[in-house]
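First up is the structure itself, then whatever we jot down about it.
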Amino acid sequence: MPSRKAPFNSRRTAVWSPTQAARRRRDKRRSAYFATINLWGFLTVMLVLLALFAMDIGTTPVNPMNVVDLPFTSHAVWEPGVLRRNAILVWVDRSGAIYAGNTRVSPEDLANSIRTSLHNGAEKKIYLGTDKRANYRFVAPVLEQIQLAGVSNVALLTNKSTNPTH
């Protein structure tokens, strides 16, 4: 009797191996869906925010007008010279930090800063803004340094009160 050969099946290989059987079992267990969370968009947004905040930390100058809370008075007078570009503005905040313009200075360096501004053509008048909660012991050295710089004309900056009881 002649031997009967099985017809050629393209799906089966001529040699069986355990690796192929394991691969078939794994393929049967594997889901048809490829479910993963793509975090590249989230990572990109976080890196952009990190870069923006990292660059912004050291470059933003402190504006003392945002730090100093001026006192209210009922008879405040408008000083137009405070708007001049070369006006000498000195600020004392609640904690006693002193600013000449937008630059923080020590009490010892304030007189030199004022002299430099006067040498550059500033008006010989100081506009002094102090926080309403600042202790006078923080303001007294500033007034002494202004006097040492040779300026006797000092304007105290306040807000005009709309409430008559202030």
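Results for (1) touching a Ser or Thr at 6+ places or on another chain (Cβ under 6 Å); (2) modelled with pLDDT under 90, shown as yes or no for each residue.
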site: V92; (1), (2): yes, no
site: G101; (1), (2): no, yes
site: S113; (1), (2): no, no
site: S117; (1), (2): no, no
site: K125; (1), (2): no, no
site: D131; (1), (2): no, no
site: R137; (1), (2): no, no
site: G150; (1), (2): no, no
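In the stretch 132-158, the residue that is farthest from I88 (Cα to Cα) out of those that are buried (at least 17 other Cβ atoms within 10 Å of the Cβ) and touching a Pro at 6+ places or on another chain (Cβ under 8 Å) is T158. Being closer than 23 Å to P80 by Cα, loosely packed, with under 15 Cβ neighbours inside 10 Å and modelled with pLDDT under 90 is a property that S161 has.
Taking the stretch 108-142, which residues are more than 27 Å from the chain's Cα centre (by Cα) and of a type in the set (K, R)? Matches in the stretch 108-142: R115, K124, K125, R137. Criterion first (in contact (Cβ under 8 Å) with a residue 24 or more places away in the chain, at negative phi and of a type in the set (D, E, K, R)) does D109 satisfy it? No; evaluated as a whole, the condition is false for this residue. Entry remark, the stretch 30-75: residues being hydrophobic (A, V, I, L, M, F, W, C), closer than 30 Å to G121 by Cβ, part of a loop (DSSP other than H, G, I, E, B) and at pLDDT below 85 number 2 in total.
The values are calculated or read from the model by the stated rules, or taken from the named source; none is laboratory data. Note that the structure is predicted; figures quoted are calculated from it, not measured. Note that each Cβ is placed from the backbone with ideal geometry, even for glycine, and that neighbours are counted across all protein chains shown.
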